[in-house]
Amino acid sequence: MSAETEACARCGRELEKHERKTVFWNTQLKKGYIRWFVVGSKYFGRRKEFPQYAGKKLCQACAHEVFLGAFEEHGENEKQVDDFAELKIFLDENGVVMSAFHCPKCDQMVDIPESGKILICKHCGNPIKAAEIQKEINKMIEKTN
């Protein structure tokens, strides 16, 4: 196959000229990873390993699906919790046992309630949403993976 008619390693579609020349699809996959450069994306600058595509070329659509699919498989696109009852379910599903949390403002420990939408820190009065705690838990889970 000549350089003018290269195909995507995933779907087999002929690569367009910009897909054959773009660093995102070629240079990085030679090393077996994709790094996301879409400005405004919550994954901007993130990197995921794909050894199965090392040295191969992907079309833009396949690279997009592969990259975002890797985050969905690890629960990174999960729905954000709205209240503490949902947070408890989220913690149980992820095998996390947690009864207290550090207040992001004063760094004192506050007990996590069984229900409700907002927790008020008893030390400084800072309101804490369940989604903020979920975000911190996701960071800890990501570090262990």
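The values are calculated or read from the model by the stated rules, or taken from the named source; none is laboratory data. Because the structure is predicted, anything quoted here is derived from the model rather than measured. Cβ atoms come from the backbone with ideal geometry, glycine included; neighbour counts cover every protein chain shown.
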Just need a number here: residues in region 48-67 that are within 14 Å of residue 6 (Cβ to Cβ) and either part of a loop (DSSP other than H, G, I, E, B) or in contact with an Asp or Glu (Cβ under 8 Å, 6 or more places away or on another chain) (or both).
6
Among the residues of region 109-139, which ones are closer than 16 Å to residue 82 by Cβ, of a type in the set (A, V, I, L, M, F, W, C) and part of a strand (DSSP E or B)?
118, 119, 128
Given (1) over 30 Å from residue 10 (Cβ atoms); (2) surrounded by fewer than 14 Cβ atoms within 10 Å (Cβ to Cβ); (3) modelled with pLDDT under 90, residue 69 misses just (1)
So which residues in region 15-28 are modelled with pLDDT of 60 or more and surrounded by 12 or more Cβ atoms within 10 Å (Cβ to Cβ), if there are any at all?
15, 16, 19, 20, 22, 28
May I ask you to list the residues in region 97-108 that are exposed (fewer than 14 other Cβ atoms within 10 Å of the Cβ) and in a strand (DSSP E or B)?
100
Qualifying position, being assigned to a loop (DSSP other than H, G, I, E, B), modelled with pLDDT of 80 or more and at positive phi, among 40, 75, 12, 45:
12
Can you tell me which condition residue 106 does not meet? The list is (1) at pLDDT 90 or above; (2) in contact with a Phe, Trp or Tyr (Cβ under 9 Å, 6 or more places away or on another chain), and all the others hold.
(2)
